[in-house]
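Notes follow the structure.
The values are calculated or read from the model by the stated rules, or taken from the named source; none is laboratory data. The shown structure was predicted, so the numbers you read here are calculated from the model rather than taken from an experiment. Because the Cβ atoms are built from the backbone with ideal geometry, glycine has one as well, and the counts that use them run over all protein chains shown. These accessible areas exclude ligands, DNA and RNA; they are computed on the full protein's heavy atoms, side chains included. Shrake-Rupley method; radii C 1.70, N 1.55, O 1.52, S 1.80 Å.
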Amino acid sequence: MVKSANGALLATIPIDRGSTTPIYRQLENFLRQLILDGTLPSRQKLPSTREFSEELGVSRITVKTVYEHLISEGYAEAKTGSGTFVSEGLILEKPLRPKLDKAEPNSHSQKFSEIAVKINNSKASTRFGSTIAFRPGVPALDKFPIKRWNKYLAGALSQDNRRNLSYGDFYGSENLRKSIASHLADSRGMQVDHEQIMITSGAQQAFVLISLVLLNVNDTVWYENPGHIAGRDIMSMFGANIASIQIDKEGLDLNHAIARYAKPKLIFTTPSHQHPLGITMSLRRRLALLKYAFDSEAWIIEDDYDSEFRYRGRPLPALSALDRYGRVLYVGTFSKSLCSAVRLGYVVIPHWLRETFAKTRNLVGQ
């Protein structure tokens, strides 16, 4: 005869009568956990509803509700004339629950992939939480034209074009890409075909796509220091050797880089408004950098950070506007001119790379 689980077991059941969680839910969660961790083994008889209610000082209706939920979920089964029992055939394994030491976040890193370990070690800002004054990369959100935005959004959604509800073009909306091409011609001096433009979820996704398409393990990346942390970390995550290149009064110090580091596969720069120092790369340095990239068969990632914001005169032409060698991958975003929640960015790529970028985009998220 199977003994009923009572006595000492009932005495261990905690009930917080001041909690917002209903008592029946507290009892249900407690019994479910006892079954899962093996404290209540298969075929163990549970206390009768009367005994349970009297011992804990709760109503029998509450206990009946608990048992009914456990039975419906398969944790228990009722046998007419015998009572309620823990279900047979449950494959349970007592879980190991090591206490994680917050001072040693990598103590269990062997359970992760090498890439996940690098992600955990990244110092890139997550940008969660409230917006504070002088935070870089965040526009004046209180100035966002919300009424006008809602008007245009409603108009776009009301159009009878079911195609807009599907996966869409790998490169993004053709109309949007045409608008961006026109914008780049007007404000950045770039003459690009809209077919060279791929819409991304912000600039960071563009950096991920570029890394996937162009980087091999142990390739060298010249990267501005100080510079954009998240972009640097994604390239390091893919196994690249990051060479930190100092900034002088003309921007990325090309002579310093040539003298100290191996030839790069990628060169990351923010020439229009260096992040975070604010320096604008000189014309002489831009031309020298383009010539070096061509001679070395290197690619330049132009992160056109904050190029929209100038307090006098028109924005300077982009580095890409001077590129006659086809070595620049131009990355732009509307996170600062609209808002970051829109997650709208783009990358301008050479025609012969389009198909590979499209296939890569399809794999990492359309």
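Suppose the filter is open to solvent by 60 Å² or more (accessible area, probe 1.4 Å) and either assigned to a loop (DSSP other than H, G, I, E, B) or under 21 Å from I210 (Cα atoms) (or both); does F294 pass it? Against the criterion (open to solvent by 60 Å² or more (accessible area, probe 1.4 Å) and either assigned to a loop (DSSP other than H, G, I, E, B) or under 21 Å from I210 (Cα atoms) (or both)), F294 qualifies.
Of the residues making up segment 12-33, those that are part of a helix (DSSP H, G or I), in contact (Cβ under 8 Å) with a residue 12 or more places away in the chain and either out of contact with any Leu (no Cβ under 8 Å at 6 or more places or on another chain) or not charged (D, E, K, R) (or both) are I23, Y24, Q26, L27, F30, L31. Among all residues of segment 178-198, there is none that is touching a residue at least 24 places away in the same chain (Cβ under 8 Å) and either touching a Cys at 6+ places or on another chain (Cβ under 7 Å) or farther than 21 Å from F334 by Cα (or both).
Kindly indicate whether R312 is more than 31 Å from the chain's Cα centre (by Cα) and at pLDDT below 90. Yes: the conditions hold for R312. Return the residue satisfying two criteria in turn: it lies in segment 68-91 and is under 47 Å from the mean Cα position of the chain (by Cα) and more than 16 Å from P41 (Cα to Cα), and of such residues it is least open to solvent (accessible area, probe 1.4 Å). Among those residues, the one meeting the criterion is H69.
Somewhere in segment 123-137, is a residue at pLDDT 90 or above, closer than 20 Å to C339 by Cα and in contact with a helix residue (DSSP H, G or I) (Cβ under 7 Å, 6 or more places away or on another chain)? So far as segment 123-137 goes, no, none of its residues is at pLDDT 90 or above, closer than 20 Å to C339 by Cα and in contact with a helix residue (DSSP H, G or I) (Cβ under 7 Å, 6 or more places away or on another chain). Taking the listed residues S211, S201, the one that is within 17 Å of I115 (Cα to Cα) and out of contact with any Cys (no Cβ under 6 Å at 6 or more places or on another chain) is S211, with no other qualifying.
Every residue, every condition in (1) in contact with a strand residue (DSSP E or B) (Cβ under 9 Å, 6 or more places away or on another chain); (2) farther than 14 Å from I210 by Cα; (3) in a loop (DSSP other than H, G, I, E, B), yes or no:
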{"position": "S320", "(1), (2), (3)": "yes, yes, no"}
{"position": "Y325", "(1), (2), (3)": "no, yes, yes"}
{"position": "L329", "(1), (2), (3)": "yes, no, no"}
{"position": "S337", "(1), (2), (3)": "no, yes, yes"}
